[in-house]
Ligand SMILES: Cc1cc2nc3c(=O)[nH]c(=O)nc-3n(C[C@H](O)[C@H](O)[C@H](O)COP(=O)(O)OP(=O)(O)OC[C@H]3O[C@@H](n4cnc5c(N)ncnc54)[C@H](O)[C@@H]3O)c2cc1C
């Protein structure tokens, strides 16, 4: 059977190896890091992730959805924490059964690798870092000195992809590439479980402390703890504007958190230690094209389109990549050039759309959830979803409609948002609105 070399055994690479193994390909996966099942190591970025319908759909096809959801914590809405400590739940959807799931990144990655290795035609090789890719010969070179060729090479080596770099550095003519960074970085912090594993905040919510220029979020973990992420500007021009470059002493960190997140501080006994021990990560968007070189290689997942995490879709989108790719393999077999071309044509508009929506959602989470007009709009959308089974907000289209391309969700969702924000800016009380009239106006979009 034809062979496939996958570079990177992260989330997309591990899932892809299962899909390809099921189709009978001989699959070698070369991973830069050691085996996280045997060595204690950080899972990399973000301890937990929001898994939603697009990701679940891809896991379902290989029988992994129920297994993963059994260890997930459902999150039914955003719990907004005001500066005065008041909280308010904004449901993600007006329909019951529509929620997102907090899963462990390492747990998911390990489960996918374990599943992949059940197939005799899959081999995962660790501590093999790809350092170059010969785009003419289709040959990958590794730091160990090894070189590898296969029927084709699929790069799932994440945002810093070595294969993409080779394509960019002259390997592909007129290769388009763009990278843009947010001024904000992120740092992970920790809320431990309470007595006998209890949750010290509402368990079934994604918690947000929106503070306009910055925010903190917290996602529940299965063991009763929460992983918090502070999103804050790297640098600030004024003393009044908080930024990472100002939080350089224990006192400054304590004072900042006590002022901005007073209700969370008593739950974070290791706040200061964690703050200085954990790295500050960067947040950026990478777009590039083409993703393939003839039938010799293809980029999938973050290697092709790294996005900021504010829609909780990077992994979900990468899993959807794998599912769409597999449908094309079903159609065209190992005619890789045809599969890769069709894949790029189908996916590029959609991955660009989610990349743009993810940046927009940063501003929504940071600023808008604290804006009364936006809060009224979410209230109205929830009522619309409760009343009309066929109405989907932009968030719902992205998160709960695996059948709808991201590009459609973006176009339709933005038009809906503009209309609803206009309606909600003119009333203080959304319950006084004529719902049927609002629905009628929305249906004309
Ligand atoms: C703070 C944060 C929060 C996030 N939250 C969410 C969320 O809630 N929901 C969601 O859907 N997405 C989320 N994401 C996005 C998600 O993490 C990524 O989209 C997803 O991990 C992409 O999977 P991947 O397999 O393409 O890349 P990765 O998961 O990065 O895997 C790449 C793999 O390749 C390996 N590798 C790298 N370089 C080489 C090399 N040269 N040779 C060999 N191997 C290599 C790496 O070690 C790794 O195992 C978040 C991201 C961040 C940064």
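Dividing the summed helix terms, -39500 (n - 2.57) for each DSSP H run of n ≥ 4, by the number of residues in the chain produces a 222 nm estimate of -11500 deg cm²/dmol to the nearest 500.
Percent of Cα pairs in the chain per distance bin of 20 Å, from zero to the largest separation: 24, 55, 21, 0. If you run the Gaussian network model on the chain, springs between alpha carbon atoms under 10 Å, then out of 251, 237, 35 the most flexible one is 237. Just checking the listed ones, 390, 245, 132: in the Gaussian network model of the chain with Cα springs under 10 Å, the one fluctuating most is 390. Within the stretch 387-445, the proportion of Cα pairs with more than 17 Å between them is 41 percent. From the alpha carbon centroid of the stretch 28-91 to that of the stretch 222-254 is 23 Å. Relative to the longest principal axis of the Cα atoms of the chain, the long axis of helix 11-22 makes an angle of roughly 50 degrees.
Using C-alpha pairs under 8 Å with a sequence gap of at least 6, the mean separation divided by the residue count of the chain gives a relative contact order of 19 percent. The residues 100, 445, 423, when put in order of fewest to most other Cβ atoms within 10 Å, stand as 445, 423, 100.
The overall shape of the stretch 1-68 is oblate: from the C-alpha gyration tensor, with semi-axes ordered a ≥ b ≥ c, the ratio a/c is 1.5 or greater and a/b is no larger than b/c. Cα gyration tensor of the stretch 273-402, axes a ≥ b ≥ c as square roots of the eigenvalues: rounded (a/c below 1.5), prolate (a/b > b/c) or oblate? Note, shape of the stretch 273-402 comes out oblate. Extension gain, residue 125 to residue 412, is 98.9 nm, computed as 0.36 nm per intervening residue step minus the present C-alpha separation.
Helix 336-366 sits at what angle to the longest principal axis of the chain, using alpha carbons and giving 0 to 90 degrees rounded to 10? On a 0 to 90 degree scale, this one is about 20. I'd like the orientation of helix 105-116 relative to the chain: the angle between its Cα long axis and the longest Cα principal axis, in ° from 0 to 90, rounded to 10. It is inclined by approximately 30 degrees.
Over all projection directions, the Cα-based convex hull of the stretch 181-279 averages an area of 6.6 nm². For the chain, a Gaussian network of Cα nodes joined below 10 Å ranks 389, 72, 162 by mean-square fluctuation, and the top entry is 389.
Neighbour counts of other Cβ atoms within 10 Å put 200, 435, 59 in the fewest-to-most order 435, 200, 59. All C-alpha to C-alpha distances of the stretch 122-230, sorted into 5 Å bins beginning at zero, yield P(r) values of 2, 9, 14, 13, 8, 9, 10, 12, 12, 7, 3, 1 percent in whole numbers.
No value in this document is a laboratory result; all are computed from the given coordinates. Predicted, not measured: the structure shown is a model, and the values here were computed from it. Cβ atoms come from the backbone with ideal geometry, glycine included; neighbour counts cover every protein chain shown.
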